[in-house]
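Below is one structure, written out as structure tokens; comments come after it.
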Amino acid sequence: MLRINCPVCGLRDETEFTYGGDATVIRPPVTEADPAKWLDYVFFRDNPRGPHKEYWHHVTGCRQWLVVDRNTLTHEIGAVRLARDEHSDRESTVTMEPAK
Ligand SMILES: [Zn+2]
């Protein structure tokens with residue numbers, strides 16, 4: 001069983017978390033019109049063997065989203081950070097021009 005060191009709650013069993021996917025994938029802007037970019041974003045993922053950044057949700061704990069460095073070969077857990085801190089540079093709000 002994996003043990004994840006949540007920055008808020010401390011060391012917890014894997015059963016308290018749900019896997020949230022690849023943390024290196026970046027969603028295209030909502031104004032992106034190229035279907036190929038959305039196809040890539042929604043359906044295609046790498047399947048790395050070794051170090052990987054993953055989203056984990058601490059569902060039965062603090063309910064924070066985490067970015068976990070995990071080796072997919074050995075299951076060794078490295079650094080664990082809050083996703084909101086890890087991706088604070090990413091756009092989190094949607095701004096669109098009003099329809100005319
Ligand atoms: Zn937590």
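Taken together, the values in this text are just the output of simple stated rules run on the coordinates, not laboratory data. Keep in mind that this is a model prediction, so the values were computed, not measured. Virtual Cβ from ideal backbone geometry, glycine too; neighbours counted across all protein chains shown.
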Free-standing Cys residues across the chain, given no other cysteine C-beta under 4.7 angstrom:
Cys62
Please compute the modelled spin-label separation between Cys9 and Arg84, points set 7 Å along Cα→Cβ, answer in nm with one decimal.
1.6
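Considering all alpha-carbon pairs of the range 3-86, what whole percent are spaced by more than 18 angstrom? Could you put the intermediate results ahead of the total?
On the way: 1631 of 3486 pairs.
Roughly 47 percent, once rounded to a whole number.
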Within the range 42-74, the residues whose backbone N lies under 14 Å from a label point placed 7 Å from the Cα of Thr24 along the Cα-to-Cβ direction are 45-55, 68-73
Got a sec? Charge dipole of the chain, +1 on Cβ for Lys and Arg, -1 for Asp and Glu; which of Ala23, His87, His57 is way out at the positive end?
His57
